[in-house]
Amino acid sequence: MEEWMEDQEDQDLVEREEETRYFLDVDWYDGHNLSFSDVVQVRMCEQCQARLGEEVEERYPVADRRTGRVTYEVRRVKYGVRPMAVIRDCCSRKKGFITTEMPTLEAVFRILLANANQPMPLEHIREQLREWCPTGRCQWLLLPLDVLSRVVERDQFYGLRRHELAEVP
């Protein structure tokens, strides 16, 4: 009976963690006099860092308020002006973006960057981390979910925060 209760408690924890999503709070960086863009650019691959500042053309969606249609316009911008898009589209697909020796919070930070900061439950973050650790023996995969949750909750360096959904009246 006790074993069943422990299993149920573990299952309840997993379900609560599934509901809790985490993201990178860009405002946290402003509040700590840090540039989010600069912090993210450091995580870019060598090839992308070499292109920073280069003029490129990018497509941007533009909504017509009158018709509600979305069209795209091409703008000339400096490469890397949207660093998370660069990481998502290029850097996160390269070997070495996440390494087995990387600290846990750095690995979580990079998974969120690779997903363009889409709020994610820790279980989904762990699933993506498994892809970077073929042996399954990486420090960040060995942590039980409750310990990983406490580590993320106590973050004071990466701006990791719980994503709170606004209540609908």
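A few comments on the model shown:
- Local net charge near residue 95, Cβ-Cβ under 15 Å (Lys/Arg +1, Asp/Glu -1): +1
- Counting beta carbons within 10 Å around each of 100, 71, 20 and listing the fewest first gives the order 71, 100, 20.
- 39, 86, 56 arranged by Cβ crowding within 10 Å, fewest neighbours leading: 56, 39, 86
- Along the stretch 125-138 the Karplus relation, 6.51 cos²θ - 1.76 cosθ + 1.60 evaluated at θ = phi - 60°, assigns HN-Hα couplings of 4, 4, 4, 6, 5, 4, 5, 8, 10, x, 7, x, 9, 6 Hz to successive residues, with x for each Gly and Pro.
- Most positive-pole-ward Cα, 91, 60, 132, against dipole of the chain from beta carbon charges: 60
Each reported figure results from applying straightforward, stated rules to the coordinates on display, with no laboratory input. These numbers were taken from a predicted model, which means no experiment stands behind them. We place every Cβ from the backbone using ideal geometry, glycine too, and count neighbours over all the protein chains shown.
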